[in-house]
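None of the figures in this text is laboratory data; all of them are computed from the coordinates on show. Computed from a predicted model, the values in this text were never measured in an experiment. Positions of Cβ are generated from backbone atoms using ideal geometry, with glycine treated the same way; all protein chains shown enter the neighbour counts.
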Amino acid sequence: MAEKVLIVEDEADMLAGLEDTLSREGYEVITARDGKEGLKAAAESAPDLVILDVMMPEMDGYEVCAALRGRGIQAPIIMLTARDTEDDKIRGLDTGADDYVTKPFSMRELLSRISAVRRRYEGRKEKIREFSFGGIHVDFDRQTLTRNEQAARLSSFESELLRLLVMMRGEPVSRQTILTEVWGYDFPPDTRTIDNHIVRLRQKIEDDPHRPKHILTAHGKGYKFVK
């Protein structure tokens with residue numbers, strides 16, 4: 001049975017191009033022209049992947065993404081947008097997206113991103129799903145972190161980065177390994193992206209993010225997790 005991809009996109013030409021490309025790749029494609037229609041289609045079809053435009057009328061992509069995650073839909077989500085600022089990307093990842101592709105993009109790049117998020121998603125089934133340390137409980141599948149009875153959401157990349165560090169606890173993990181295992185595609189971000197995610201994880205985990213006890217810098221090597 002073909003994997004189902006839900007495309008939520010209000011630009012007719014873009015929607016047609018995506019539908020044609022993914023159909024030729026062997027996917028069963030479901031389409032929606034706005035956020036409300038997308039939410040309904042997701043509930044009815046249980047897609048294996050969601051491609052979601054950000055700039056849409058009534059409900060934008062951020063709202064739709066948050067609603068999908070709030071309804072328990074765990075399928076990978078790739079957001080499409082003409083906005084390319086770091087704040088926009090962080091907002092998309094914080095709402096639960098797995099990747100963020102800036103328009104204009106080539107279909108080849110999008111297919112590579114799809115392959116990457118599918119690999120990461122499949123890999124989660126073989127990885128640890130929950131972990132507790134220092135009064136903190138992390139549910140990697142739900143991408144939540146509970147500390148002092150206060151729940152916080154982890155972005156997809158934050159969750160996978162922390163999971164990798166926890167699985168390799170006590171051992172330094174290089175930036176290249178992080179890029180390969182967490183981002184996983186052939187268009188790696190600047191390594192400063194990793195550092196920014198480490199900073200944000202420390203803010204959620206550490207008592208004093210400037211003097212971390214759990215996520216440590218291994219100078220010249222990368223980062224390591226200490227329980």
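For the cross-link pairs Lys4/Lys127; Lys89/Lys227; Lys127/Lys227, which exceed 28 Å when the distance is taken from alpha carbon to alpha carbon?
Lys89/Lys227
So what's the gap between the Cα centers of the stretch 38-78 and the stretch 212-227, to the nearest angstrom?
Here the answer is 35 Å between Cα centres.
Within the stretch 126-147, find all residues whose amide N lies under 11 Å from a label point positioned 7 Å from the Cα of Ser174 along Cα-to-beta-carbon.
none
So how tilted is helix 107-124 from the main axis of the chain? Cα-based, degrees 0 to 90, rounded to 10.
Taking Cα atoms only, the helix is inclined about 50 degrees.
Given q = 0.08, 0.13, 0.16, 0.17 Å⁻¹, what are the Debye log10 I(q)/I(0) values for the chain, with equal point scatterers placed on the Cα positions and solvent ignored?
The calculated log intensity ratios at q = 0.08, 0.13, 0.16, 0.17 Å⁻¹ are -0.29, -0.76, -1.11, -1.23.
Could you tell me which trypsin sites (Lys or Arg not before Pro) in the stretch 87-142 are loop residues by DSSP with no more than 13 other beta carbons within 10 angstrom of their beta carbon? It would help to have the intermediate numbers written out before the result.
Values: sites: Lys89, Arg91, Arg108, Arg113, Arg118, Arg119, Arg120, Arg124, Lys125, Lys127, Arg129, Arg142; in loops: Lys125, Lys127, Arg129, Arg142.
Answer by residue number: Lys125, Arg129.
Can you work out the FRET efficiency for the pair Leu216 and Arg129, with r the C-beta to C-beta distance and R0 = 22 Å, to the nearest 0.05?
Working: r = 24 Å, r/R0 = 1.09.
That gives a FRET efficiency of 0.35.
Could you pull out every residue, at least 5 positions away or on a different chain, whose amide H is within less than 5 Å of the one on Ile136? Hs are placed 1.01 Å off N in the peptide plane, and Pro or chain starts have none.
The list, which skips near neighbours in sequence, is empty: none.
If you put +1 on each Lys and Arg Cβ and -1 on each Asp and Glu Cβ, how big is the dipole of the chain around its Cα centre, in Debye rounded to 20?
On the way: 35 positive and 41 negative charges, 265 e Å.
I would put it at about 1280 debye.
Say we join alpha carbon atoms closer than 10 Å with springs in a Gaussian network model of the chain; which of Gly92, Gly170, Gly17 then has the biggest fluctuation?
Gly17
Expressed as an acute angle from 0 to 90° and rounded to the nearest 10, what is the orientation of the C-alpha long axis of helix 61-70 relative to the principal long axis of the chain?
So the helix axis and the longest Cα principal axis differ by about 70 degrees.
Antiparallel versus total DSSP beta bridges in the chain: what percent is that, nearest 5? Before the final figure, lay out the partial values.
Working: 17 of 34 bridges.
The antiparallel proportion sits near 50 percent.
Between Glu109 and Glu149, what is the label-point separation in nm under the 7 Å Cα-to-beta-carbon projection?
Here the answer is 4.8 nm between the modelled labels.
Pick out, in residue order, every one of the GluC sites (Glu not before Pro) in the stretch 111-159 that is DSSP loop and has at most 14 other C-beta atoms within 10 Å; say none if there are none.
Details: sites: Glu122, Glu126, Glu130, Glu149, Glu158; in loops: Glu126, Glu149.
Taking the stretch 111-159 and a limit of 14 other Cβ atoms within 10 Å, the loop GluC sites (Glu not before Pro) found are Glu126, Glu149.
Which angle between 0 and 90 degrees, to the nearest 10, do you get for helix 192-205 versus the longest principal axis of the chain when only C-alpha atoms count?
Helix 192-205 sits at roughly 70 degrees to that axis.
Given points 7 Å out from each Cα along the Cα-Cβ axis, report the Arg142 to Ser45 separation in nanometres with one decimal.
The modelled label-to-label distance comes out at 2.8 nm.
Taking a cut-off of 15 Å between Cα atoms, list the aspartates and glutamates near Lys224, but don't count ones fewer than 8 places away on the same chain.
In chain and number order, the partners are Glu158, Glu160, Glu171, Glu181, Asp195, Glu206.
Amide H of Leu154 versus every other amide H placed in the peptide plane: which residues, excluding those fewer than 5 positions away on the same chain, fall under 5 Å?
Thr144, Leu145
May I ask you to derive the FRET efficiency for Ile90 and Arg24 from their Cβ-Cβ distance with R0 = 35 Å, giving the value to the nearest 0.05?
Details: r = 33 Å, r/R0 = 0.95.
So the FRET efficiency works out to roughly 0.60.
Show me the three semi-axes of the equivalent ellipsoid for the stretch 4-124, from the C-alpha gyration tensor (sqrt of 5 times each eigenvalue), largest first, rounded to whole Å. Don't skip to the end; give the middle numbers.
Numbers: eigenvalues 61, 53, 51 Å².
For the stretch 4-124, the semi-axes come out at 17, 16, 16 Å.
For Asp34 and Arg83, what does the FRET efficiency come to when R0 = 22 Å and r is the distance between their Cβ atoms, rounded to the nearest 0.05?
Values: r = 18 Å, r/R0 = 0.84.
Efficiency at R0 = 22 Å is approximately 0.75.
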